[in-house]
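These notes concern the structure reproduced below.
A short reminder: the numbers here are calculations on the coordinates, not readings from a lab. Everything numeric in this text was worked out from a predicted model, so none of it was measured.
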Amino acid sequence: MKHPFVPLLAAVICAAAVIGMIVTGGDPGTPRGFHRHKDGTLTIDPRHRPDAPSFMGTGVDGRPMSLSDHAGKTVVINAWASGCGPCRKQVSMLERYRKKTEGQDVAVLGLNRDSSPSVARAFVEEHGMSYPSLLDPAGKHLLTLPKGLLSTQGVPVTLVIDPSGRIASTASEAIGEERLADLVAAAVRVSSPSSSVSPSASSAAG
């Protein structure tokens, strides 16, 4: 004997599965806890955040620098190159953001992709960059990132590292100051182990 409620039950289960995909990002290939958004950003739930690479080497100014110098802070890392048009706008935005967050537990760092340190230094002077940048001409530092964090090999890209030294979010294209502030706030937000995505993230998710 057929039960008339079985097809209805199957339909409900199917609908629930689709809704679950929308909430978690909609892409079956997206790792658990990763949420991709229409604006090119990726946010990661606290319990699924991967450790950030060491990001250490020589700065554009010739001095040694390392991500560990800013342990305990939320760190914004922006990869840039002097020949990148959108990077120029990002520098201006990051300078404004750095000044607004001065005195807070937030640090801004650059990751320079120029093949010539002198070209990078000229760009820094021209645009009045007050935050330090790590030289990365071959893109080796970005290559150490776990798979799936970036959807481009170009610049600009931005990473937000939480106070525990884990990658909280990435942006695979230029972003505005308001969106950056949201990502930094989310990086320090405490989520319970059972939470999967914040209300603001789910509303912006693609």
Using θ = phi - 60° and the Karplus form 6.51 cos²θ - 1.76 cosθ + 1.60, what ³J(HN,Hα) does each residue of the stretch 69-77 get, whole Hz, x for Gly and Pro? 5, 10, 4, x, 10, 7, 10, 9, 10
So between ASP69 and ALA181, what do we pick up on full extension, going 0.36 nm a residue minus the alpha carbon distance? 38.1 nm
Take the cross-link list LYS99/LYS147; LYS100/LYS140; LYS73/LYS100; LYS89/LYS140 and give me the ones stretching past 26 Å between alpha-carbons. LYS99/LYS147; LYS100/LYS140
Once you keep just the Cα pairs under 8 angstrom separated by 6 or more residues, what percentage relative contact order results for the stretch 55-186? 32 percent
